[in-house]
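Novice: Dumping the structure here so I can ask a few things about it.
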Amino acid sequence: MDSRMIKQEAKMALEGNRLMFLLVILVAGAISGVVPPLAVLVSPIIMMGVFLVGKHLLKNKEVRFEPIFDYFKDLEHGFKIFVVSLLVNVFVFVGLLLFIVPGIIFAMKYSQAAFIMSENKDLDIMAALKKSDEMMYGYKMNLFIFGLSFIGHILLGILTLGIYLLYAMPYMVLSYQNYYLNLKVVKGYDKKVLDAEIA
C-alpha cells in the first residue's frame, strides 16, 4: 500500500479541520477518563466513535461531533467493540510477556479488529479477530513501518512536553484510520463481503 498517499489524504482532510478534530480526540479522551474505573470499558467504544468522525472527515472534509456517541446507542454493538478490544489487548500483553516480538506480531495481526467490529454489528467477535488476521496477512511489516514513520512526531512531542502532539495527534489518528479504510479496499473486505459472511 502507498503509505505516503494514505498520510497525504489525512493531511488534506485536516486542512481547516485540524483544530476541530483535535477537539474530538480531546473530548473523547476526557470522557474516557472521567470515571477511571470505567475507562477500560468506555475508551474502546468512544474511540470507535472517533473513527466514525474520522471517516466522515476523510470523505466530506468536515468534522461532526455527534458520531462520538453512536456506539452507546446500541449497547450490544458497543459491548462487542469492547470485548474485541479487550481480547486484542490480552493477546498483545501475553505476547509481550513471552517475548517482545510475539507481542508486536499480535498487535499488528489484530490491529484492525475493532474497526471491523465497529462497521459490522452482526459479525461475531471471534470472526472480527479472524478477519483482522486475514486482512493483515502480508501487511504486518507494512503497518509496522507505517507506525515507525511517526517516530519523529513522537520525539518532538516528548521534547516539547506534549505540546507538539496537540498538532500532530489529529494527523496520526486520522492516518491510522485511513490506513484501515485503504487496506479494506485493497483486500476486498468491504462491507458487502463481510455482510455476506454474516449471512
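Novice: Springs between alpha-carbon atoms under 10 Å, Gaussian network over the chain: tell me which of LYS73, LYS121, LYS55 tops the mean-square fluctuations.
Specialist: In the Gaussian network model the winner is LYS73.
Novice: Before anything else, pin down the relative contact order of the chain: Cα pairs under 8 Å, at least 6 apart, normalised by residue count, whole percent.
Specialist: Computed over the chain, the figure is 25 percent.
Novice: I'd like the carbon and sulfur percentage of the solvent accessible area for segment 32-147, probe radius 1.4 Å, heavy atoms only, ligands and nucleic acids excluded.
Specialist: 71 percent
Novice: Also, quick follow-up: Top mean-square fluctuation among PHE51, PHE21, PHE106, Gaussian network model of the chain, C-alpha springs under 10 Å?
Specialist: Highest fluctuation of the listed residues: PHE106.
Novice: Shifting gears a bit: Rounded to whole Å and sorted largest first, list the principal axis extents of the Cα atoms in segment 1-111.
Specialist: Between the extreme Cα coordinates on each principal axis of segment 1-111 lie 45, 36, 22 Å.
Novice: Could you sort MET20, MET48, MET12 by accessible area so the largest value comes first, with the probe set to 1.4 Å?
Specialist: These residues rank, largest area first, as MET12, MET20, MET48.
Novice: Quick check for you: with a 1.4 Å probe and neighbouring chains kept, what is the accessible area per residue of the chain, in Å²?
Specialist: Here the per-residue accessible area is 53 Å².
Novice: Turning to a different aspect of this structure: Just to verify a number: what accessible area does ILE154 come out at with the full protein assembly present, 1.4 Å probe, Å² rounded to tens?
Specialist: 80 Å²
Novice: So between LEU23 and ASN60, what do we pick up on full extension, going 0.36 nm a residue minus the alpha carbon distance?
Specialist: 11.5 nm is the gain from fully extending LEU23 to ASN60.
Novice: Let me ask another. If only Cα atoms are counted, what is the Rg of segment 98-190, and what is its Dmax, in Å?
Specialist: Answer for segment 98-190, Rg first and Dmax second: 14.9, 44 Å.
Novice: Using θ = phi - 60° and the Karplus relation 6.51 cos²θ - 1.76 cosθ + 1.60, list the HN-Hα couplings for segment 153-164 in order, rounded to whole Hz, with x at every Gly or Pro.
Specialist: 5, 5, 5, 5, x, 5, 5, 9, 6, x, 5, 5
Novice: Let me check something: with ligands and nucleic acids excluded, how do TYR176, TYR189 order by accessible area (1.4 Å probe), largest to smallest?
Specialist: TYR176, TYR189
Novice: Next question, about the same structure. Calculate one ³J(HN,Hα) per residue across segment 11-20 by plugging θ = phi - 60° into the Karplus curve 6.51 cos²θ - 1.76 cosθ + 1.60, and present them in order as whole Hz with x for glycine and proline.
Specialist: For segment 11-20, the Karplus curve yields 4, 5, 5, 7, 4, x, 10, 4, 5, 5 Hz.
Novice: For PHE93 and MET12, compute 0.36 nm times the residue count separating them, minus their Cα-Cα distance, and round to one decimal in nm.
Specialist: Gain in length upon complete extension: 25.6 nm.
Novice: So, in nm, how far is label PHE150 from label LYS130 when the simple model puts each one 7 Å beyond its Cα toward the Cβ?
Specialist: That separation, rounded to one decimal, is 3.0 nm.
Novice: What accessible area, in Å² to the nearest ten, does a 1.4 Å probe give for ASP133?
Specialist: Its accessible surface works out to 50 Å², give or take rounding.
Novice: Would you calculate, for the chain, the mean residue ellipticity at 222 nm contributed by helices, counting each DSSP H stretch of 4 or more residues as -39,500 (n - 2.57) and dividing by all residues, to the nearest 500?
Specialist: That comes out to -25000 deg cm²/dmol.
Novice: Based on the alpha-carbon set only, what is the convex hull volume of the chain divided per residue, in Å³?
Specialist: Dividing the Cα hull volume of the chain by its residue count gives 128 Å³.
Novice: For ASP2 and PHE69, calculate 0.36 nm times their separation in residues minus their Cα-Cα distance, and state this gained length in nm to one decimal.
Specialist: Length gained between ASP2 and PHE69: 21.0 nm.
The values are calculated or read from the model by the stated rules, or taken from the named source; none is laboratory data. All values derive from a computational prediction rather than experimental measurement. Neighbour counts run over all protein chains shown; Cβ positions are idealised from the backbone, glycine included. Just so you know, the surface numbers come from the protein's heavy atoms only, side chains and all, with ligands and any DNA or RNA stripped out. Shrake-Rupley method; radii C 1.70, N 1.55, O 1.52, S 1.80 Å.
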